[in-house]
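First comes the structure, then the notes that go with it.
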Amino acid sequence: MASIPNEFIETLLDRIDIHDVVGARVQLKKSGKDYSGLCPFHSENTPSFTVSQQKQFYHCFGCGKNGSAIGFLMEYEGLDFVDAVKDLAQLAGMQVPSTENHTGHKPKTNLYAVTEKATRIFQQQLKNTPAVIDYLKNRGISGQTCKTFQMGYALNQWDALIKRYDQSEHELLKRTGLTTQNDQQRTYDKFRNRLMFPIHDKRGRVIAFGGRAVEAEQKPKYLNSPETDLFHKGNELYGLHLARKHSNESYVLVVEGYMDVVALHQHGVNNAVATLGTATSTQHISNLFKVWDRIVFCFDGDSAGVQAAEKALNTSLPLYLDHKIIDFLFLPTGEDPDSFVMRHGKDAFIQAVNEATPLSDFLLKVISNGININSIDGKAQLLEKAKPYLNQLPKGAFKKMMGQQISQISGMNLSITQKSTVNKSENSPAGDNPLRKLISLLLNSPQFCKNIPNDLKLRTLSFKGVEIIDKIIEIQSLNPQINAAAMLERFRDSSYSPYLGHLMRIYDHLDDAQKALEFEDIINYLNQLTSKVEIDRLRNKQMQSGLDSTEKQILVQLLRQKTNQ
Ligand SMILES: [Zn+2]
């Protein structure tokens, strides 16, 4: 991340206008000195999303999201930091300095070229293999759907793919996981005689493949690319690049296999994604919640399905905020979404989704499973079993409601920790302290830094946040023209980052002149405070071990200042 030079980021944020970047994606209206619109990150009817041109900063009062143009693109387009910077640089006609060489990472660009080429080869091979086309037709999959998902076919040969690449590309091919090596160091194609599903990242670039057996006796039935530089299973979801285009749907479906995603798409259900042979991860859920407010997990009704659902439940609890919804859809035993939608059609499937089990009901079921809640023992057991689940939930109305419900069923009072997982108050450098205000003013108007007296000894105060102020001052001194958004960007990797975004807002109601007055007030106050601390320290020392002549002088001076104030 830090591999793009800060100076570049600052110039970039100076050249582009956040109003253009956001305005191209969200309808904005002038409101006072800022712009406002409907927040793209949570659903609302009245605008609580604002964009400040002056600060080059956006903020939503509804969901609390905030940041610079870079942050907005990351959030809105689902990009990582480097990609967001690249997109903005293109907009500004700037060339991102090449970074990949001195970070120790090998460039990924060539790897994408290899996977894209393989995708085309597999697609061509599918066109020339009528038996597999028939197989797909029998499963109700059209040519158009195959094209949408770029599906293909890997020939039943050891070297069909490897032969298509130059010797010089073989190393890259291996790094994408498309070839593999046996004990005798012989390299051969990993996927043979398989229906190929390219796995795309959020931007639609091919990063890996899934191969499905086309013959009944072929094992394993599903084979995925290994983890590579491009592919990390726990982050990626199959079909997300297509489903994202349907972010206006009120929910996203999470299914288990790529054939489920493809079959649903074939029947007009376009908002489905699949995990890739792993359990649902925290990363998966938070990625999905960035786009949709409701997730419907879809599982087979058999015991393996219920087990997978319990895992998903456990992963979901800490992320289950009050304005989010998670439901569980259990299909009849023996059915998966693929077979269900084929047999019963889209309407029946949507109906099943609408009747899915809410997380609260499923949670109660899991907690009370195997317990006789009519016995006194059972009630106590229920209470014990509920605690670890409830403790995982973020603070809020839902947690409270679940706690009450459990108390009611058990007839006993349940005390649960109101642990907060989203509010990073433990990272807050300043609770209610004057440095909080100073940080806010310095972030808003970095040029104030030069008006901080050199002899202001903030470190003698026991308030947290001094290190942030030092850092802001240092950044500003090296780059006197830095604007608010660029300043905030410099803290992107810091644990304070979300907190600073919020601090940025506390003086929004003031104009520049009022901010300058406020700044003066705070500096005066801090001056008095630090003098008082220093006077106390020197007096203590005087009583215990006496002062040297310099210290005496300082004390006299401080006391004189104090009486003048
Ligand atoms: Zn919002």
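The values are calculated or read from the model by the stated rules, or taken from the named source; none is laboratory data. Because the structure is predicted, anything quoted here is derived from the model rather than measured. Here the Cβ is made from the backbone with ideal geometry for all residues, glycine too, and neighbour counts use every protein chain on show. With ligands, DNA and RNA removed, areas are computed over all heavy atoms of the protein, side chains included. Shrake-Rupley method; radii C 1.70, N 1.55, O 1.52, S 1.80 Å.
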Scanning the stretch 423-454 residue by residue, the ones that are exposed (fewer than 13 other Cβ atoms within 10 Å of the Cβ) and at pLDDT below 80 total 4
Residues (under 23 Å from residue 18 (Cβ atoms), basic (Lys, Arg) and in a loop (DSSP other than H, G, I, E, B)) located in the stretch 464-518 | 490, 492, 505
Note on the stretch 374-391: residues farther than 16 Å from residue 404 by Cβ and open to solvent by less than 60 Å² (accessible area, probe 1.4 Å) are 375, 378, 380
Residue 79, sole failed condition from (1) away from the ligand (no atom under 12 Å from the Cβ); (2) at pLDDT 85 or above; (3) open to solvent by less than 30 Å² (accessible area, probe 1.4 Å); (4) within 23 Å of residue 502 (Cα to Cα) | (2)
Residue that is nearest to residue 313 (Cα to Cα), among those in the stretch 368-391 that are outside any helix (DSSP H, G or I) and not aliphatic (A, V, I, L, M) = 369
(1) at pLDDT below 90; (2) open to solvent by less than 30 Å² (accessible area, probe 1.4 Å) all hold for residue 251 apart from (1)
Does any residue in the stretch 314-329 that is among the β-branched types (Val, Ile, Thr) come within less than 8 Å, Cβ to Cβ, of a residue that is open to solvent by less than 40 Å² (accessible area, probe 1.4 Å) and part of a loop (DSSP other than H, G, I, E, B) six or more places away or on a different chain, and which pairs are these?
-> 315/280; 315/281; 325/251; 325/293; 326/320
Here the residues within the stretch 318-330 that are crowded, with 20+ Cβ neighbours inside 10 Å and modelled with pLDDT of 90 or more are 326, 327, 328, 329
Inside the stretch 110-127, the number of residues satisfying the requirement of being under 14 Å from residue 204 (Cα atoms) and open to solvent by 10 Å² or more (accessible area, probe 1.4 Å) is 3
Selection within the stretch 16-56 - open to solvent by 50 Å² or more (accessible area, probe 1.4 Å) and within 11 Å of the ligand (Cβ to nearest atom) = 38, 43, 47
The stretch 58-75 residues that are closer than 17 Å to residue 508 by Cβ and within 12 Å of the ligand (Cβ to nearest atom), paired with ones that are part of a helix (DSSP H, G or I) and at pLDDT 90 or above (beta carbon under 7 Å, 6 or more apart) | 58/18; 58/22; 58/72
Could you tell me which numbered condition residue 192 fails, if it satisfies all but one of (1) assigned to a strand (DSSP E or B); (2) more than 15 Å from residue 276 (Cα to Cα)?
-> (1)
Within the stretch 331-352, the residues that are aliphatic (A, V, I, L, M) and open to solvent by less than 40 Å² (accessible area, probe 1.4 Å) are 331, 341, 348, 352
Cβ pairs under 8 Å, 6+ apart or interchain, first in the stretch 127-143 and on the phi > 0 side of the Ramachandran plot and part of a loop (DSSP other than H, G, I, E, B), second hydrophobic (A, V, I, L, M, F, W, C) and modelled with pLDDT under 95, ordered by first then second residue, are 140/342
Which condition does residue 394 not pass, out of (1) outside any helix (DSSP H, G or I); (2) open to solvent by 20 Å² or more (accessible area, probe 1.4 Å); (3) modelled with pLDDT under 90, if it passes all the others?
-> (2)
The lone exception for residue 4 - which of (1) in a strand (DSSP E or B); (2) crowded, with 16+ Cβ neighbours inside 10 Å; (3) away from the ligand (no atom under 16 Å from the Cβ) it fails = (1)
